[in-house]
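Computed from the coordinates by the stated procedures, all read-outs in this text should not be read as laboratory data. The structure presented is a predicted model; accordingly, all values stated were derived computationally and were not measured. Don't worry about glycine lacking a Cβ; one is built from the backbone with ideal geometry, like all the others, and counts go over all protein chains shown.
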Amino acid sequence: MSIFKRLFRIGQAETHSLIDKLEDPIKLTEQGIRDMKVELDKSLQGLAELKALSIRSRNEAQENQERAEDYERKAMMLVRKSESGEMDSTEADRLATEALLRKTQCDEHVTRAKAEKEKFDEQIAKMDVNIKTLRSNITKWENELKTLKARVKVANATSKLNKQLAQIDSTDTISMLEKMRDKVSQQEALAESYGEIANEARSVDEEIDKALKDTDKVQASDALAALKAKMKNSSADSE
């Protein structure tokens, strides 16, 4: 099963996180991304091992190529020594033949190493494409996950608000408003009544004070008249 199919496999994420009997898609996506990152790490390790094998094959081919050239040069030197009389021709031919045999073996190693390197390079190219695709998909799913989380938050908030609105009874709300309006009107009327009572009390006090003030004036007037009479009598006595 590919990593992309495992991304949506039921049961891979935490089983206790369920929505409508299905696993939480956020949990599934997070699990899928973790799986892809594990696959990426394994792929990178495999790519590094393949590159190491390719480098080794390249070095092996180069070393055997140099050895083959060296054996060929030595065989040519032996032939020249034989032709110049510096060395017994039979011995020179034997050694030259051995050198050429070893050159042939080195050439075979070169051919094999080059073939292996070509095979490794093909595998490296394919794996490199897969790694780039895997990285792209990881980035894509991480962005999708961010969007999914944001959408879930909005959906949850909207669902909660709609649920609260659905639970509100408009009839009960209007009834409460009516009761509150009646209570406020009653309080206002009571306040006005207390105001009228207070005004009435003040009016009575004012009448009482006014009546008392008139009495004081009468008493003052009588006192003045008595004073004048007393002064008049005093004058008469003096004469």
Within region 32-90, considering residues that are loosely packed, with under 15 Cβ neighbours inside 10 Å and not in a helix (DSSP H, G or I), the one farthest from the chain's Cα centre (by Cα): GLY85
Odd one out for HIS109 among (1) farther than 25 Å from ILE55 by Cβ; (2) of a type outside the set (D, E, K, R); (3) buried (at least 16 other Cβ atoms within 10 Å of the Cβ): (1)
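Would a scan of region 114-128 turn up a residue that is more than 26 Å from LYS42 (Cα to Cα) and assigned to a helix (DSSP H, G or I)?
Filtering region 114-128 for residues more than 26 Å from LYS42 (Cα to Cα) gives 114.
Right, trim to assigned to a helix (DSSP H, G or I) and you get 114.
Yes, because at least one residue in region 114-128 is more than 26 Å from LYS42 (Cα to Cα) and assigned to a helix (DSSP H, G or I).
Just give me the residues in region 76-98 being small (Gly, Ala, Ser) and in contact with a Leu (Cβ under 6 Å, 6 or more places away or on another chain), in sequence order. Break it down stepwise before answering.
Step one: filter region 76-98 for residues small (Gly, Ala, Ser), giving 82, 84-85, 89, 92, 96.
The answer is ALA92, ALA96.
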Residue satisfying all of: in region 54-109; touching a residue at least 40 places away in the same chain (Cβ under 8 Å) and hydroxyl-bearing (Ser, Thr, Tyr); nearest to GLU122 (Cα to Cα) among these: SER54
